[in-house]
Amino acid sequence: MEKTVYIKVTGKVQGIGFRWSAYEKFVELGLTGKAENSKDGGVEITATGEVDKLKELLRWAQKGPQGAKVNNMEYKTVEAENASPEESTKEN
């Protein structure tokens, strides 16, 4: 079953290639999605795909690419049929 996950990471995550690395991770995992800088200095990622691949993306996002320092990661998943989101926060 496919789901969509929204991830927000904060810390030293802009100016170090986090978005580009996220795109590479999408391709590697067979996901579709986007990664954008947010005005507050974080990076917002939205990805769709199989649950096990999304879990891999979440594990990756907790650390990010080389040079990143993720202080906080928040995410929520939404079933393809517009089910209620599940929210979680991971602090490093």
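All of the numbers you see were taken from the coordinates with simple rules; none came from a lab. Nothing here was measured: the structure is a model prediction, and the numbers come from that model. In this analysis, Cβ positions are derived from the backbone assuming ideal geometry, glycine residues included, and neighbour counts consider all displayed protein chains.
Points worth noting:
- Per-peptide average of other Cβ atoms within 10 Å, ordering 34-42, 10-18 highest first: 10-18, 34-42
- For LYS69, the lysines whose Cα falls under 21 Å of its own Cα, not counting residues fewer than eight places away in the same chain, are LYS8, LYS12, LYS25, LYS34, LYS39, LYS55, LYS90.
- Distance (nanometres) between label positions extended 7 Å along Cα→Cβ at GLU36 and ASP52: 3.2
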